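The next block holds one structure in the form of C-alpha cells; read it before the comments.
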Amino acid sequence: MEVGCCLWMRQVRMAATLGMTFKSSISTRIPAIPLPTLNPSPPSLLFRRRSLSAASSSILDYQELSSSDDLFYHPCLLVLTSELLQQEWVGTHGYRPGQALMLWKRLYGNNIWAHSSEDLEGLNKDFKNMLSEHAEFKTVSVKDIVTAFDGTKKILFTLEDGLVVETVVIPCPGGRTTVCVSSQVGCAMNCQFCYTGRQAIIFIKMGLRRNLTAAEIVEQAVFARRLLTSEVGSITNVVFMGMGEPLQNIETVLKAADIMVDVQGLQFSPRKVTVSTSGLVPQLKRFLRESSCALAVSLNATTDEVRNWIMPINRKYNLGLLLETLREELRLKHKFKVLFEYVMLAGVNDSIDDAERLIHLVQDIPCKINLITFNPHSGSQFKPTRDEKMIEFRNILAKAGCTVLLRPSRGDDQMAACGQLGKLGELEAPLLRVPAQFQAALEVSV
C-alpha cells in the first residue's frame, strides 16, 4: 500500500502503562509541515543538587539560573562556558577566577582533556576536592568504536539516560582530520535519502528522542581527541553533520560551538567548525548573526517539487525563501562563504538541467558547492550517481565559475558515512510518495 503521509501528520499518544496506543491520520494532500516541539533535555543530564526544594523543582537550564542557591547544582563542567565558569560558578564556591581558568585549560587544552579530578594535576588540593564533591566531568561513556576499511572511525556514545548517539572521526593524511558530531538523538526532518531521518517516527517509542545538551555535544569532540589523537593525528575540524538537525537545537549548538572555538579551550578555528542545516530559515538567520562559525546548507535539489519530496522541510521554507535569505544575510558577512551540500541521487537530481538550474540558483551567493556521493542504506529507494556523471555535473558547474568539490564516501562499509548514522527500530518514518516523473527512474536504478 502506498503511504503518502509524513512524520508530522501522525499524532502520537503515549500510554501510562507498558502498552502504547497511538492515532494516525493520513491525508492525500500533505500540508505545510510544522516543526515538532521537542522535550527539553533532561535536567539530570545537566545538574545534580544536594537538596531540591519543592519551590525550585521545575526543569531549568543552567543559563536561566541566577540566585546563589541555584548554583548549588552539580553541573557537568562541560556545559559551562568559560565566562560562566570563571565569573559565577567557581566564585560561588569561594575560589578565584584564575583557578577557574586553570581548570578550563585542563578540561579542553594542554592535551589533558580531563575526565575526572584525578586528571587535574597542578590545581589546588582544596579546589580539586571541591570539584570532586560538587561537579561532574562527563555525561557520556564510550559504548564501542568501529573502524572502517579506509580508517574512518565511528564512536558510539551511551548517554546517562541510556540513549546512544554516534560520532565519526575522518582521518585525512593532509592534516585536516575531522570529527563529525551529533546534535540530537534521532532526527525529525525525514529527509528521504538519510538513514537517521528514517528513524524519526520511532518517536512513538522515544525515537526522535531529544536534543543533546551542550556538554554531550562538546564531549564528542573531547573524547575524539582524547581517544584517537595519537592514532589519527591532530583533529582540526568539526562538522555538525551527525545525527539530528543542528539548528532545531540552536541554543545548545551555539553554546557548544562557542566552547569549541574558545582560544583557551579546544581552540578550533571558527572557520573549521561547520554547522549544517536542512534549511530552517529563522534559525539560520540567527546563526549567521550570532556565530562566527561556518555554515553548510543541505540543498540537494534544484526545484521545489523535488525538494518537497526528498526534504519535506522545503514545504515550510522553500528554495526561493531559503536562497533569498542567504543572499540578504551574507551581504552583512565579510569574506564569508556558505557551503552548499548536494547529495547526488541517480535519476533524481543529477541531470544537466539540474546543473544549469543550480548555477542560476546560487548566483550572487558567496558559496562553495560540495557534491556528495549518496550512501545506500536499508530501505533506501535511491541509488548513487555514477562517478563519470558526477564529474560531468562538476565540470558544468566549474565552467560557470562555481567553486565545486567532489566528496567521496568515507566509512560506508561500517555505516559511518554521510546519511548513514543511527539504528532503525521496529517502526520507521514513512517513505513519501514519489513524483510520477521519477518513478521510472527509481525503478531502473533499483
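FYI, it's all coordinate maths here, none of it is from the lab. All values derive from a computational prediction rather than experimental measurement. So basically every Cβ, Gly included, is an ideal-geometry build from the backbone, and we count neighbours across all protein chains shown.
Taking the stretch 169-316 on its own, what percent of its Cα-Cα pair distances exceed 28 Å?
Tail fraction, whole percent: 21.
If you take every residue apart from E328 with its C-beta less than 15 Å away from the C-beta of E328, what net charge results, scoring Lys and Arg +1 and Asp and Glu -1?
+3
Check L295: other-chain or 5+ apart residues with amide H under 5 Å from its amide H, H built from backbone geometry?
Sorted by chain and number, the residues that satisfy this are V275, L339.
With +1 assigned to the C-beta of every Lys and Arg and -1 to the C-beta of every Asp and Glu, and no other charges, what is the dipole magnitude of the stretch 331-399 about the Cα centre in debye, to the nearest 20?
Approximately 420 debye in magnitude.
What are the ³J(HN,Hα) couplings of the stretch 314-331, residue after residue, when phi is run through the Karplus curve with 6.51, -1.76, 1.60 and θ = phi - 60°? Round to Hz, x for glycine and proline.
Ordered by residue, 3J(HN,Hα) equals 5, 6, 9, 10, 6, 4, x, 5, 4, 6, 5, 4, 5, 4, 5, 6, 6, 5 Hz.
At a threshold of 8 angstrom on Cα-Cα distance, excluding pairs fewer than six apart, so keeping six or more, what relative contact order does the stretch 264-414 reach in percent?
20
So for the pair R286, D387, with labels modelled 7 Å out along Cα→Cβ, what separation do we get in nm?
4.4
Using per-residue counts of other Cβ atoms within 10 Å, averaged over each peptide, order 138-144, 230-236 from highest down.
Details: 138-144: 16.1, 230-236: 14.4.
Going by the mean number of other Cβ atoms within 10 Å, highest first, we get 138-144, 230-236.
Near the amide H of Q363, under 5 Å away, which other amide H atoms are found, from residues 5 or more places off or on another chain, if H is placed in the peptide plane?
The list, which skips near neighbours in sequence, is empty: none.
Quick one: Karplus J couplings for the stretch 157-170, per residue in order, coefficients 6.51, -1.76, 1.60, θ = phi - 60°, nearest Hz, x for Gly and Pro?
Residue by residue, the stretch 157-170 yields 10, 9, 8, 5, 8, x, 6, 10, 10, 10, 10, 10, 10, 10 Hz.
How many angstrom lie between the C-alpha centres of the stretch 80-151 and the stretch 333-375?
41
Using a cut-off of 12 Å between beta-carbons, work out the net charge of the residues near A256 (Lys and Arg +1, Asp and Glu -1, A256 not included). Let's see the in-between values first.
On the way: positive: K255; negative: E216, E219, E251, D258, D262.
Local net charge: -4.
With charges only on Cβ, +1 for K and R and -1 for D and E, what is the dipole size of the stretch 245-368 about its Cα centre, in debye, rounded to 20? Working shown, then result.
Working: 16 positive and 16 negative charges, 94 e Å.
Computed charge dipole of the stretch 245-368: roughly 460 debye.
With the Cα gyration tensor of the stretch 75-140 giving a ≥ b ≥ c as the square roots of its eigenvalues, does the rule (a/c under 1.5 for rounded; else a/b larger than b/c for prolate; else oblate) give rounded, prolate or oblate?
Judged from the Cα gyration tensor, the stretch 75-140 comes out rounded (a/c under 1.5).
So, counting K/R as plus one and D/E as minus one, what does the shell of residues with Cβ under 11 Å around R271 add up to?
Values: positive: K272, K335, K337; negative: none.
Computed value for this residue: +3.
In the stretch 162-318, how many lysine pairs have Cα atoms under 27 Å apart, counting only pairs 8 or more places apart or on different chains?
On the way: K205/K316; K255/K272; K255/K285; K255/K316; K272/K285; K285/K316.
The result is 6.
In a solvent-free Debye calculation with one equal scatterer on each Cα, what is log10 I(q)/I(0) for the stretch 263-329 at q = 0.24 Å⁻¹, listed in the order of the q values?
The calculated log intensity ratios at q = 0.24 Å⁻¹ are -1.02.
Whose amide H sits under 5 Å from the amide H of T152, counting only residues 5 or more places off or on another chain, with H placed in the peptide plane?
When sequence neighbours closer than 5 places are left aside, the close amide H contacts are G411.
So how do 210-222, 338-350 stack up, highest first, on mean other-Cβ count within 10 Å?
Per-residue mean Cβ counts within 10 Å order the peptides as 210-222, 338-350.
Assigning unit charges at the beta carbon (Lys, Arg +1; Asp, Glu -1) and nothing else, what dipole magnitude in debye, to the nearest 20, does the stretch 311-353 show about its Cα centre?
It comes to approximately 280 debye.
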